[in-house]
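Undergrad: Submitted below is the structure of interest, expressed as structure tokens.
The values are calculated or read from the model by the stated rules, or taken from the named source; none is laboratory data. Only a predicted model underlies this, so the values are computations on that prediction, with no experimental measurement involved. Heads up, the Cβs are rebuilt from the backbone with ideal geometry, glycines too, and the neighbour counts pull from every protein chain shown. The area values use the complete protein model at the heavy-atom level, side chains included, leaving out ligands, DNA and RNA. Shrake-Rupley method; radii C 1.70, N 1.55, O 1.52, S 1.80 Å.
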Amino acid sequence: MPSSVLLSPDTHPLRTLTLARLQLGQADPVCTLTTGGEEVLLYPLVGTVRVRDAAQDWGTLGGRRAVTEPRVQALRFPAGRAHAITVQLVGYAADLLVASCVVDIGAVAAVAHWEDVVCHPVGDGTHAREVREVPTPLGYQLYSGETLNIPGGVSSWPPHANTEDLAKFAAGLTTWEEGFFVVCPEPGVAVLEGYYSDQTPVDEVIRLENGTAYVMPLGSHACYAAPGSYLWYFWVYCGNALHKEYRQWASDVGTYRK
């Protein structure tokens, strides 16, 4: 099976969130993903695949040659029932992420994101980056997208969560789980301060390696690209500790968080 689990509650400080990587090539051109009722997000990185389940042939998905290209597509499957999802390679190779979470109440129907991903230019100067956000339909719990840092640039700053958000989370009033998958020519770093989803505190600096997944805390996780190297990362989160928002109007002059 050409898939591998990157993050899960069995191996990382997570409660319900799982992130896997699916790599299809000439030797393994087809994979069937079976689920047990969790919500699922299929997120192509590069390459093209054809996706089918018992209810529908979804056609082709993906098409990028590099993650730095802005064209983002994704496919969601609702929680509450099992799925057998066949993913078949179209072309030479394809690389995808599969995120899932366990939820009590799910959406009714699967949702394809073909042309609705929104690109937000965020920050200025060394903090300038592009955030590509996949809309989260009603009934779905996974929020996802990707961020592209300029060479030497910084993202996920200022912190998304404020003091009030952290206090509610530490008291057990809210939930939060978040994972990253990193692509970068040269390693970057992340400065972590806050709480993991199991309320474990964290205060450390980690190295961000190409092709590696990380659990990110609620709080601060500023990500620094190496000088001369972009830093790209996929992000996925679930929980109600905060809600990220992006600038829309002329009077939106604060940070993009909320």
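Undergrad: Can you bin the stretch 176-258 into rounded, prolate or oblate? Criterion: square roots of the alpha carbon gyration tensor eigenvalues sorted a ≥ b ≥ c, rounded for a/c under 1.5, prolate for a/b above b/c, oblate for the rest.
TA: Oblate shape, in that a/c is at least 1.5 and b/c is the bigger or equal ratio.
Undergrad: A follow-up question, please. Among Gly179, Ala190, Ala54, whose Cα lies farthest out toward the positive end of the dipole of the chain, if unit charges sit on the beta carbon of Lys, Arg (+1) and Asp, Glu (-1)?
TA: My answer, from the dipole projection, is Ala54.
Undergrad: Which percent of the accessible area of the stretch 172-224 is formed by carbon and sulfur heavy atoms (probe 1.4 angstrom)?
TA: Taking all protein chains in place, the stretch 172-224 shows 49 percent carbon and sulfur surface.
Undergrad: Same structure, new question: Over every pair of different alpha-carbon atoms in the chain, take the mean of 1/r and invert it; report that Kirkwood radius in Å.
TA: For the chain, inverting the mean 1/r across all distinct Cα pairs yields 18.7 Å.
Undergrad: Give me the accessible area of Trp58, 1.4 Å probe, in Å² rounded to the nearest 10.
TA: 40
Undergrad: Using only the alpha carbons of the stretch 72-217, determine the length spanned along each of the three principal axes and report them from longest to shortest in whole angstroms.
TA: Here the spans come out as 41, 40, 25 Å, largest first.
Undergrad: Starting from the Cα of Lys168, move 7 Å in the Cα-to-Cβ direction to define the label point; list residues of the stretch 199-228 whose amide nitrogen is under 14 Å from there.
TA: Residues 219 fall inside that zone.
Undergrad: Here's something else I'd like to know. Might you tell me the accessible area per residue for the stretch 18-59, computed with a 1.4 Å probe and given in Å²?
TA: Per residue, the stretch 18-59 has an accessible area of 41 Å².
Undergrad: With only alpha-carbon atoms in the gyration tensor, what are the semi-axes of the equivalent ellipsoid for the stretch 33-83, in Å, largest first?
TA: Each semi-axis is √(5λ); the values are 23, 12, 8 Å.
Undergrad: Between Gly145 and residues 5 or more places away or on another chain, which pairs have amide H atoms under 5 Å apart, with H built 1.01 Å from N, and which residues are they?
TA: So Gly145 has HN proximity to Val134, Trp235.
Undergrad: Compute the length gained on full extension between Asp124 and Arg247: take 0.36 nm times their separation in residues and subtract their Cα-Cα distance, giving the result in nm to one decimal.
TA: Value of the extension gain: 42.9 nm.
Undergrad: In Å and whole numbers, how far do the C-alpha atoms of the stretch 1-122 stretch along each principal axis, longest first?
TA: 40, 36, 31
Undergrad: When only alpha-carbon atoms are used, what values of Rg and Dmax, in angstrom, describe the stretch 57-121?
TA: 13.7, 39
Undergrad: If you filter the stretch 84-174 for GluC sites (Glu not before Pro), then keep DSSP loop positions with at most 16 other Cβ within 10 Å, what is left?
TA: Taking the stretch 84-174 and a limit of 16 other Cβ atoms within 10 Å, the loop GluC sites (Glu not before Pro) found are Glu115.
Undergrad: In addition: Taking all protein chains in place and a 1.4 Å probe, what share, in percent, of the accessible surface of the stretch 1-113 do carbon and sulfur account for?
TA: So the carbon and sulfur contribution to the accessible surface is 51 percent.
Undergrad: How high is the relative contact order of the chain, given as a whole-number percent (alpha carbon pairs under 8 Å, six or more residues apart)?
TA: 18
Undergrad: Using θ = phi - 60° and the Karplus curve 6.51 cos²θ - 1.76 cosθ + 1.60, what whole-Hz ³J(HN,Hα) does each residue of the stretch 146-157 get, with Gly and Pro shown as x?
TA: Working through the residues one at a time gives 8, 10, 10, 7, 5, x, x, x, 10, 9, 6, 9 Hz.
Undergrad: Leaving out ligands and nucleic acids, and using a 1.4 Å probe, what accessible area per residue does the stretch 88-210 come to in Å²?
TA: On a per-residue basis, 47 Å².
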